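This report concerns only the one structure given below.
Please treat every number below as a calculation from the coordinates, not as lab data. Computed from a predicted structure; not experimentally measured. Every residue, glycine as well, gets a Cβ built from its backbone with ideal geometry; the counts of neighbours run over all protein chains shown.
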Amino acid sequence: MVRGAVEEALGALGREAVPAVTGAMQSTKPQVRRSAARVLGMIPAKACVEPLIQALRDREATVRLEAVRALGRVGDRRAIRPLQQAQQDPDEAVRKMARTSCRMMNTRFGQ
């Protein structure tokens with residue numbers, strides 16, 4: 001409950017929160033990386049895209065899942081190919097969300 005409120009507050013800060021949240025993507029704790037990915041998905045800034053793409057290679061499926069969800073929300077063309085590749089992820093939930101995010105991108109960009 002508290003984590004969710006903190007995530008919402010950071011997301012509401014927008015671009016100002018990007019450096020701190022991007023730094024959290026380097027945490028040794030998977031739950032922190034997952035929360036950081038969720039927050040980056042709330043911020044409509046180009047600076048959020050690359051850290052989310054990098055998170056698609058995280059060893060934890062929960063982090064990859066949140067990253068594919070966030071990339072679908074952010075809707076940047078740079079994410080199309082990585083999301084297509086994420087459809088081959090070993091984790092079924094990640095694959096399903098990657099397909100959903102790709103559909104969102106296709107709708108947004110008319111592909």
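Okay, helix-only estimate at 222 nm for the chain: each DSSP H run of n ≥ 4 adds -39500 (n - 2.57), divide by all residues, round to 500 deg cm²/dmol; what do you get? Working shown, then result.
On the way: 7 runs with 76 residues, N = 111.
Per the formula, -20500 deg cm²/dmol.
Can you tell me the length gained on complete extension of the stretch Val32 to Arg103, counting 0.36 nm per residue apart and subtracting the Cα distance? Intermediate values should be presented prior to the final figure.
Working: separation 71, 0.36 × 71 = 25.56 nm, distance 2.76 nm.
Separation in residues times 0.36 nm, less the Cα-Cα distance, equals 22.8 nm.
Rank the residues Val39, Val74 as a footprinting-exposure proxy: fewest other Cβ atoms within 10 Å of their Cβ go first. Display every interim value, and only then the final one.
On the way: Val39 27, Val74 21.
Ranking Val39, Val74 by Cβ neighbours within 10 Å, fewest first, gives Val74, Val39.
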Nearest 10 degrees is fine. How inclined is helix 2-13 to the longest principal axis of the chain, computing both from alpha carbons? 80 degrees
Each label sits 7 Å from Cα toward the beta-carbon; between Gln84 and Thr62 the label points are separated, in nm, by 3.2 nm
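For the chain, what is the relative contact order in percent, using Cα pairs closer than 8 Å and at least 6 residues apart in sequence?
20 percent
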Starting with the fewest neighbours, write out Arg57, Arg38 ranked by other beta-carbon atoms found within 10 Å of each beta-carbon. Arg57, Arg38
Radius of gyration and Dmax over the Cα atoms of the chain, both given in Å: 12.9, 39
